[in-house]
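The structure appears right after this line, and notes come after that.
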Amino acid sequence: MKSLKGRRRPIQAWEVPAKVLTSAWRRLVFPPPPMPVGSVGKRALIVASTEALRTALHRHEVFV
């Protein structure tokens, strides 16, 4: 996520850590047509990543 911050060019699908996303978030991060193929919803990706971090903190899988 740090490398994507402040970036102007679009995020490519191969740059997204898909293992972190739930199936509900995958539908929002990788939107169906008419969006261009390979496009990524940047705002959805940020919220999904934040939620995954929060869940990992709650489960004591990640420590700050």
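The values are calculated or read from the model by the stated rules, or taken from the named source; none is laboratory data. Remember, predicted model here, so these are calculated numbers, not experimental data. Counting neighbours? That spans all protein chains shown, and the Cβs are built from the backbone with ideal geometry, glycine included. Accessible surface areas use protein heavy atoms only, side chains included; no ligands, DNA or RNA. Shrake-Rupley method; radii C 1.70, N 1.55, O 1.52, S 1.80 Å.
Miscellaneous remarks
- Matching residues, segment 15-58, being assigned to a loop (DSSP other than H, G, I, E, B) and open to solvent by less than 50 Å² (accessible area, probe 1.4 Å): Val16, Leu21, Pro31, Gly38, Ser39, Val40, Gly41
- So Arg7, is it charged (D, E, K, R), modelled with pLDDT under 85 and surrounded by fewer than 11 Cβ atoms within 10 Å (Cβ to Cβ): yes
- Some residue of segment 27-41 being of a type in the set (Ser, Thr, Tyr) and within 11 Å of the chain's Cα centre (by Cα): no
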